[in-house]
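First the structure, in the form of structure tokens, and then the observations on it.
The values are calculated or read from the model by the stated rules, or taken from the named source; none is laboratory data. Just so you know, these numbers come straight off a predicted model, no measurement behind them. Cβ placement follows ideal geometry from the backbone for every residue including glycine, while neighbour counts extend to all protein chains displayed. We work out accessible area using only protein heavy atoms, side chains counted, and drop any ligands, DNA or RNA first. Shrake-Rupley method; radii C 1.70, N 1.55, O 1.52, S 1.80 Å.
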Amino acid sequence: MTSLSLKGVSKAYGSMEVLRDIDLDIEQGELVVFVGPSGCGKSTLLRMIAGLEKITGGTLDIDNVVVNDLPPAQRGIAMVFQSYALYPHMTVYDNMAFSLKLAGKSRQEIDTAVRSAADMLQLSQYLDRLPKALSGGQRQRVAIGRAIVRDPKVFLFDEPLSNLDAALRVATRIEIAQLKESMPDSTMIYVTHDQVEAMTLATRIVVLHGGGIEQVGAPLELYERPANTFVAQFIGSPAMNLIEAKVTETGPRTSVIMADGGHATLPIPTRAEDQGNAVKLGVRPEDLSLVEGDDFLVSADVEIIEALGETTVLYFKPKSDAPALIAKLPGIHQIQRGTHLKLIAAPEKLHLFDENGVSFLYRS
Amino acid sequence: MLSENPALLGLATIILGVGACLGYFFLSNLVLDKVVFPARGKHAGRNINRANMVRPWLFLFPALFALGLYLAYPVFETLRLSLTDRSLGGAFVGFDNYRQMMNEAKFWEALRNNMLWLIVVPAISTSFGLLAAQLTDRLRWGNLAKSLIFMPMAISFVGASVIFKLIYDTRPADQNQIGVLNAIWLKFDGGAGSIFVLQILPTVFFLAVAGLAVFSGWGMFRDGSASLRGRSLWQMSLRVCAAVLGLWLVWASISAAVGIWFVELPYGEPQTWLTIPFWNNFFLMAVLIWIQTGFAMVILSAALRGIPEETVEAAIVDGANPFQIFFKIKVPQIMGTIVVVWTTITLTVLKVFDIVFAMTNGQWETQVLANYMYDKLFRSNDWGVGSASAIVIMLLVTPILVWNVHNARKEMR
Amino acid sequence: MAGVAGKKSSLTWAVQISVALLVLLWLFPTVGLFVSSFRTADQISASGWWAALFSSEQSEVFRTLDPDEHRVLDGNGFRVDGTIFADTPLNIQAWGVSSRDIAAYQPGETAEMKGGETLTLRRDGSYTWRGSDEQLAGRGQRVFVTAQVPPEFTLDNYATILFSGSGQDNMAKAFFNTLTVTIPATIIPIVIAAFAAYALAWMEFPGRALLIAAIVGLLVVPLQLALIPLLRLHLGIGIGKGYIGAWLAHTAFGMPLAVYLLRNYMAGLPRDIIENAKVDGATDFQIFTRIIIPLSFPALASFAIFQFLWTWNDLLVAKVFLIDATGSTTVMTNQIVELLGTRGGNWEILATAAFVSIAVPLGVFFVMQRYLVRGLLAGSVK
């Protein structure tokens, strides 16, 4: 069942367009993560769904009702803010009860709802405290509890973990995942710039860039079959290497050669008219391995070696103005700076993009 | 009954006034949401948006009404009144009132004294404030000291006038002086001590002021000529004004330093301080300086606290002495705040009325514009000239007004 | 910086002493008024108030009993016994019998006068005067006494000013009048300004930036300009001179600062909290009363103190808009100015009246200083 749907939604401040023509359907029970670099419009999109920003074009349905002109409180949503936005002058209990009081619920109803949410989040013993007497993680849980109490159709999370330190962030991430599991029917939309959060939490990820959607899909789909060079480089760390190449053979399998004599044949279909075209070959740093002999994908001089124990990251000297090539090898390798190395990758791990950056897999 | 008991009347007003305000805000919102644009029916969404467009004006209305009627409208009405004559039934008389005012010696006296106040009070209050702020900055009992220096801020101008009148009090020579100033004055007998305190020290002070003016003027000139191009006309004219003011300051302080040696001081005679022409202005200014120094100190002290510690530490490591740290590291960083303090005190000075009214009422050549205006309005009942002098005060305030609005707009962008 | 190595301690001492001097200089005037308000009229005109803090030397002239009536035979001559103090004894430091040397003898010593006449004055004031028939005749012998008088203070002035005084000397009515002006004139502008400040800080509407700029401009308009037009208006619409006019005037004159201060403070509140309240279903009115007002307490307190001090200490608005010909609504500042005119020399009345009028603001100042400072820092246009 569709829980929320955006049809041609756009947002403009005067003549400046920050979001254009967003189409997206979100099913009930999904946890959809909006991810993208800062300024991509992901927070604006979330705030438009919440009703905190006016929608300047298109329609927004929640449960098949157009809510474009409804104020936030009547949309059936709840939101967890980046700064938690707890009311500093109210106790934890009052913070969680505030929306129900405004809605005119009975005292009994409010008490039941607040206490069950507090139990679920292990906040029962803090109900009488003011927010300033809580730790960061506890405040985060109060903010989530405040959303749960309202029993909304859609939960909205706006970078809820970015104010926590690294260790707490991991713990809270897991808590949110567990929370989602305990409420399988609730729909959640989660905004983050952190791809680890996106990969671990999402049932589907929406990658936004420059005011539009680049790709929508399950986390591993985005990793394994990125639709374009932007998604390819945004998902995964270090970012995917893109190497200039030329198509030498078309058909169900495609062959390409590189300027330095490297070559590859990969199981991606191309058409006859692609013959001789310039393309970009994508290979993730973790998919590269060292090789001897003439059968190699790329070759370059090592410039910097980062030995992390678990892995060894090699940065190669870029050729002319091309971006530096990176390889991530498992374990420890004794390699000198300046060594000329040859690298190879399994054909099925390779990606191929046309000169516009669109993956051949998704070419219509 | 109510009118007989002011306390009850006051209480009733508080309840009525506050109740009416709250009632207005609550009911007008209620009417807007339930009656005019109800959030129901098929236009619910549109109605909510419309209600939200009207609501700010509901919230703003009482404040805007008060501001408009009591502050904005009077500016124009006063301007109109200054061009009419009440005795001719409010006929338009052009600039007659201004002409009449210009012909009065009292007006020029008031204007001259106001200018004197405008220079002396902000300068001394700000420098004392800065000095106090810097000295108390690291002191363990600094907060107590600041609190005590700040205290006069709570005292009314009238109360302060009484306090200082006691200080300036004069008794005949054969009685004990009960005013501190005369008691101290009579300790001077014209001997070496008197010459040191009353002539050598002031000379040193005036020469120091002159030196400082020359020094800072030279610094400005050097900066200015180095980057003469690329400066707006406005900035240049500001610099010219500052230069003229600086030259005047140099001239005034040097002539004061020289003049002090040719004055025959009336040792042994109790002085009636408030009747000594020209100098009595300074005795009145002392009252305002006493009050405003605390204000300057509090603001500048906060500014000094806001200076990044690292810059001071870097200067210590670079080998700066405490004076260099103060003048070359700290003062430049709080220059903006100093300007704010200066202009705020300037505004207070322009409106100063109570002190002069209570202490001399403008006699003995101590008139200032605000009191001159009060005199015209309520003693001579000359509304035309009174309004004209109010407009003069407004004109003096206008540069600060423009500057503040300019800054506020810049900050909001 | 206190921990920097090799720092000279002499400089620290110089700083300590200069601050102490500065504080004393600033405190001195107020203390003078305070001390004077506890002295009698005679004390004030006899010596400066600074003398009242220490026990003072006082010289008085006494005369012994009339020898013709009180002398008794004593050997060859006569003698008179008695005490110079009729009522309160003084602490005698020194004494003398001639105006040329009034402190020639210590208590208990005997003064030798011409022809063997002697006078012994003891510490308790009792004396023995011996001499021949013609020496102990006529008027009593003059005795000059230098005595140490301890500081002496009285509450009589306060009793006069607050309770028993008549007419101009009684400030009780003016005190209540001042309160009557001040309290509504402090509370009402806060309510009005708070709503306006919320609209300017958190509601979207065209012309908002322009309005804020206009308020910054009005912040500096001298209220002198408002006097005639508004007095005419008040007289025209029938308010006349009185409390209502004064309340309205104070409310409006305090408005720019109130709106400016409160708007700046409210605009600094976290956006997320207000948006969260919107998501929680609060209307603008509810956001204002339940979220903004409790969170803006420091700013509200700052402005309340400003407005209180300003209205309490005001003279001009009271003279123009409040006090009519009967003078029944006079306020303390006005009464003090009148006292300055009519009772300029009666420092015991003036000092006490002035101190009564500044005591309340001083109390408020010391209790709420924190908020006052905060308001000052926020209120000076940057």
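Out of all the residues in the stretch A:306-331, which are surrounded by 14 or more Cβ atoms within 10 Å (Cβ to Cβ) and hydroxyl-bearing (Ser, Thr, Tyr)? Of everything in the stretch A:306-331, those that are surrounded by 14 or more Cβ atoms within 10 Å (Cβ to Cβ) and hydroxyl-bearing (Ser, Thr, Tyr) turn out to be A:Thr311, A:Thr312, A:Tyr315. Here the strands (runs of 3 or more DSSP E) wholly within the stretch A:188-271 that include at least 3 residues being open to solvent by less than 40 Å² (accessible area, probe 1.4 Å), closer than 30 Å to A:Ile148 by Cα and in contact with a strand residue (DSSP E or B) (Cβ under 8 Å, 6 or more places away or on another chain) are A:204-209.
C:Glu348 falls short on exactly one of the conditions (1) farther than 24 Å from C:Ile305 by Cβ; (2) within 7 Å of chain B (Cβ to nearest Cβ), and that condition is (2).
Of all residues in the stretch B:64-99, those satisfying the criterion of being touching a residue at least 24 places away in the same chain (Cβ under 8 Å), over 30 Å from C:Tyr198 (Cα atoms), open to solvent by less than 70 Å² (accessible area, probe 1.4 Å) and assigned to a helix (DSSP H, G or I) are B:Thr78, B:Leu81, B:Asn97, B:Tyr98.
Where strands (runs of 3 or more DSSP E) fall wholly inside the stretch C:47-162, the ranges with 3 or more residues that are open to solvent by 20 Å² or more (accessible area, probe 1.4 Å) are C:56-63, C:72-74, C:77-83, C:142-149.
Residues that are in contact with a Ser or Thr (Cβ under 7 Å, 6 or more places away or on another chain) and touching a residue at least 24 places away in the same chain (Cβ under 8 Å) were ranked within the stretch B:372-393; the one that is farthest from B:Val340 (Cα to Cα) is B:Gly384. What's the number of the only condition in (1) surrounded by fewer than 24 Cβ atoms within 10 Å (Cβ to Cβ); (2) in a helix (DSSP H, G or I); (3) without any contact (Cβ under 8 Å) to a residue 40 or more places away in the chain that B:Leu396 fails to meet? Tallying (1) surrounded by fewer than 24 Cβ atoms within 10 Å (Cβ to Cβ); (2) in a helix (DSSP H, G or I); (3) without any contact (Cβ under 8 Å) to a residue 40 or more places away in the chain, B:Leu396 fails exactly one: (3). Against the list (1) in contact (Cβ under 8 Å) with a residue 12 or more places away in the chain; (2) at the interface with chain C (Cβ under 9 Å from one of its Cβ atoms), the condition B:Gly142 fails is (1). Does A:Leu201 meet the test of being of a type in the set (A, V, I, L, M) and in contact with a Leu (Cβ under 8 Å, 6 or more places away or on another chain)? It is true that A:Leu201 is of a type in the set (A, V, I, L, M) and in contact with a Leu (Cβ under 8 Å, 6 or more places away or on another chain).
For beta carbons closer than 6 Å, sequence separation of 6+ or different chains, a first residue in the stretch A:185-207 that is in contact (Cβ under 8 Å) with a residue 12 or more places away in the chain and on the phi > 0 side of the Ramachandran plot and a second that is surrounded by fewer than 24 Cβ atoms within 10 Å (Cβ to Cβ) and not in a loop (DSSP other than H, G, I, E, B), there are no qualifying pairs.
Listed residues B:Val121, B:Val158; which is more than 7 Å from chain C (Cβ to nearest Cβ), under 27 Å from C:Pro361 (Cα atoms) and out of contact with any His (no Cβ under 9 Å at 6 or more places or on another chain)? Of the residues listed, the single one that is more than 7 Å from chain C (Cβ to nearest Cβ), under 27 Å from C:Pro361 (Cα atoms) and out of contact with any His (no Cβ under 9 Å at 6 or more places or on another chain) is B:Val121. Checked against the criterion of being within 14 Å of chain B (Cβ to nearest Cβ), modelled with pLDDT of 75 or more, over 17 Å from B:Gln177 (Cα atoms) and in contact with a helix residue (DSSP H, G or I) (Cβ under 7 Å, 6 or more places away or on another chain), the candidates C:Val15, C:Val35 yield just one match: C:Val15.
So, C:Ala318, is that one farther than 17 Å from B:Asp354 by Cβ, out of contact with any strand residue (DSSP E or B) (no Cβ under 9 Å at 6 or more places or on another chain), in the same structural domain as C:Leu219 (by TED's automatic domain parsing) and at pLDDT 85 or above or not? Against the criterion (farther than 17 Å from B:Asp354 by Cβ, out of contact with any strand residue (DSSP E or B) (no Cβ under 9 Å at 6 or more places or on another chain), in the same structural domain as C:Leu219 (by TED's automatic domain parsing) and at pLDDT 85 or above), C:Ala318 does not qualify.
A residue that is open to solvent by 10 Å² or more (accessible area, probe 1.4 Å), within 14 Å of chain A (Cβ to nearest Cβ) and within 32 Å of the chain's Cα centre (by Cα) occurs somewhere in the stretch C:280-298.
With the requirement that a residue be under 28 Å from A:Asp194 (Cβ atoms) and open to solvent by less than 10 Å² (accessible area, probe 1.4 Å), what does the stretch A:43-71 give you? Listed by number, the residues that qualify are A:Leu45, A:Leu46, A:Met48, A:Ile49, A:Ala50, A:Leu60, A:Ile62. With surrounded by fewer than 23 Cβ atoms within 10 Å (Cβ to Cβ), in contact (Cβ under 8 Å) with a residue 24 or more places away in the chain, more than 9 Å from chain B (Cβ to nearest Cβ) and under 23 Å from C:Asn177 (Cβ atoms) as the only criterion, which of C:Arg374, C:Arg343 stands out? Unique residue meeting the criteria: C:Arg343.
Among the residues of the stretch B:52-99, those identified as more than 8 Å from chain C (Cβ to nearest Cβ), at pLDDT 80 or above and farther than 30 Å from C:Ile287 by Cα are B:Phe76, B:Leu79, B:Arg80, B:Ser82, B:Leu83, B:Thr84, B:Tyr98, B:Arg99.
Does C:Asn276 fit the bill of being open to solvent by 30 Å² or more (accessible area, probe 1.4 Å) and in the same structural domain as C:Tyr198 (by TED's automatic domain parsing)? When the stated conditions are applied, C:Asn276 does not pass them. For the stretch C:186-202, a residue qualifies if it is within 36 Å of the chain's Cα centre (by Cα) and more than 7 Å from every other protein chain (Cβ to nearest Cβ), and the qualifying residues are C:Thr186, C:Pro189, C:Ile190, C:Ala194, C:Ala197. So is B:Leu369 within 15 Å of the chain's Cα centre (by Cα), more than 10 Å from chain C (Cβ to nearest Cβ) and in contact (Cβ under 8 Å) with a residue 12 or more places away in the chain or not? No; evaluated as a whole, the condition is false for this residue. Selection within the stretch B:363-381: residues that are farther than 21 Å from C:Asp324 by Cβ and open to solvent by 10 Å² or more (accessible area, probe 1.4 Å). The member of this set that is modelled with the highest pLDDT is B:Trp364. The residues in the stretch A:135-153 that are polar (S, T, N, Q) and in contact with a Phe, Trp or Tyr (Cβ under 8 Å, 6 or more places away or on another chain) can be counted, and the count is 2. The test for being open to solvent by 10 Å² or more (accessible area, probe 1.4 Å) and of a type in the set (Gly, Ala, Ser) holds for A:Gly29.
For (1) part of a helix (DSSP H, G or I); (2) more than 7 Å from every other protein chain (Cβ to nearest Cβ); (3) buried (at least 20 other Cβ atoms within 10 Å of the Cβ), each residue gets a yes or a no:
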{"position": "C:Gln224", "(1), (2), (3)": "yes, no, yes"}
{"position": "C:Leu227", "(1), (2), (3)": "yes, no, yes"}
{"position": "C:Arg232", "(1), (2), (3)": "yes, yes, no"}
{"position": "C:Ile244", "(1), (2), (3)": "yes, yes, no"}
{"position": "C:His250", "(1), (2), (3)": "yes, yes, yes"}
{"position": "C:Ala258", "(1), (2), (3)": "yes, yes, yes"}
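Here A:Ser237 clears all of (1) modelled with pLDDT of 85 or more; (2) under 28 Å from the mean Cα position of the chain (by Cα) except the condition numbered (1). Checking the stated criteria, C:Tyr265 turns out not to satisfy the condition of being surrounded by fewer than 24 Cβ atoms within 10 Å (Cβ to Cβ), more than 19 Å from B:Ala72 (Cβ to Cβ), out of contact with any Cys (no Cβ under 8 Å at 6 or more places or on another chain) and at the interface with chain B (Cβ under 8 Å from one of its Cβ atoms).
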